[in-house]
1. Picking from L241, L272, which residue would you name as being without any contact (Cβ under 8 Å) to a residue 40 or more places away in the chain, surrounded by fewer than 18 Cβ atoms within 10 Å (Cβ to Cβ) and part of a helix (DSSP H, G or I)?
2. Residues of the stretch 206-249 being acidic (D, E) and farther than 17 Å from V191 by Cβ, which ones?
3. If you check G186 against the conditions, is it crowded, with 18+ Cβ neighbours inside 10 Å and at pLDDT below 95?
4. Here is a check on your reading of the model: is V259 aliphatic (A, V, I, L, M) and either without any contact (Cβ under 8 Å) to a residue 24 or more places away in the chain or over 18 Å from E174 (Cβ atoms) (or both)?
5. Among the residues of the stretch 34-57, how many are exposed (fewer than 13 other Cβ atoms within 10 Å of the Cβ) and either touching a helix residue (DSSP H, G or I) at 6+ places or on another chain (Cβ under 7 Å) or part of a strand (DSSP E or B) (or both)?
6. Hey, among the residues in the stretch 114-139 that are buried (at least 17 other Cβ atoms within 10 Å of the Cβ) and over 25 Å from D66 (Cβ atoms), which one's nearest to the chain's Cα centre (by Cα)?
7. Just checking, does the stretch 13-35 include any residue being among the acidic types (D, E), free of Cβ contacts under 8 Å to residues at least 40 places away in the same chain and within 15 Å of V78 (Cα to Cα)?
8. Which condition from (1) farther than 25 Å from V255 by Cβ; (2) at pLDDT 95 or above; (3) part of a loop (DSSP other than H, G, I, E, B) is the one that D149 breaks?
Amino acid sequence: MSARLAWTVRRNAYFDSIDLMQIAEQARQLGGVIDAAVVMGTVSGRSMLEEAGMWSSEAPEAGPSDLLVAVRAESDTVAHRALARVEELLSARRDGEPARDDMMPRTIGAAARRAAPASIAVVAVPGAHAALEAQQALSAGLHVFLFSDGVSLDDEAALKRRARGRGLLVMGPECGTSIINGVGFGFANRVRRGPIGVVGASGTGIQEVTTLVHRLGGGVSHAIGTGGRDLHAAIGGLTTLQALEALAADAATRVVLLVSKPASPEVAAAVLGAAVATRK
């Protein structure tokens, strides 16, 4: 019997990505389930399902603010039982949130005041709202780790130009990994502190090289993710160049390592020139 696919959509629903991965893993443990995924209905989310063989023309429409659940199972009965289990787990996570409005800050500015002296805001919301939240974080004087995707190139460029003018960094959008002062953001590995500073446009690339450095006995001062489009001509390597400046000024960093994605020739030349100028 061929595997069966089933889907369900939660409209205008957002959950932390770590919660979604844990819920998907619990669904995979059910008997007869071959694979399961719980993702936002963004372009990257749908691409992930396509790569996993869990997408077809029969799948329901889902927007970037919607939650898409996909299950591949041995039968329709098992698939729908798994969907029901995912729904139970999602509801349990939502029901576990604080009920009183005054228990949680309502804005990034309020959170920054409560968490002072915090210096970095993690923004992981649907792409349609991510630029606004990142702008609010910059207004609060915070660096931004922008995990969200679905942010336009124009918004990305505007965020990074504003951040540079305020002496702040915007890591992202679609920034999966950074390590700042030994603290991991996103999908970071716990690695030894040391003299090697990393600047990377690829989160998985940063994970790989920092892990290799650790295994070989070295250590990482900082690993600064830039987002996968930072080296595009429209962005001009703004975060990469800022990160190189920061590592050049950091006494604890003695070596600089670049992790790239395909870059425009002009941006690549500027970045290589800046890397040489660090004298590290």
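The values are calculated or read from the model by the stated rules, or taken from the named source; none is laboratory data. On a predicted model such as this, the values are computed, not experimentally measured, just so you know. Cβ sites come from the backbone with ideal geometry, for glycine too, and all protein chains shown count toward neighbours.
1. L272
2. D230, E245
3. Criteria met by G186.
4. No: the conditions fail for V259.
5. 0
6. Restricting to residues being buried (at least 17 other Cβ atoms within 10 Å of the Cβ) and over 25 Å from D66 (Cβ atoms), the top hit is I120.
7. Checked against the condition, which is being among the acidic types (D, E), free of Cβ contacts under 8 Å to residues at least 40 places away in the same chain and within 15 Å of V78 (Cα to Cα), the stretch 13-35 yields at least one hit.
8. Unmet condition: (2).
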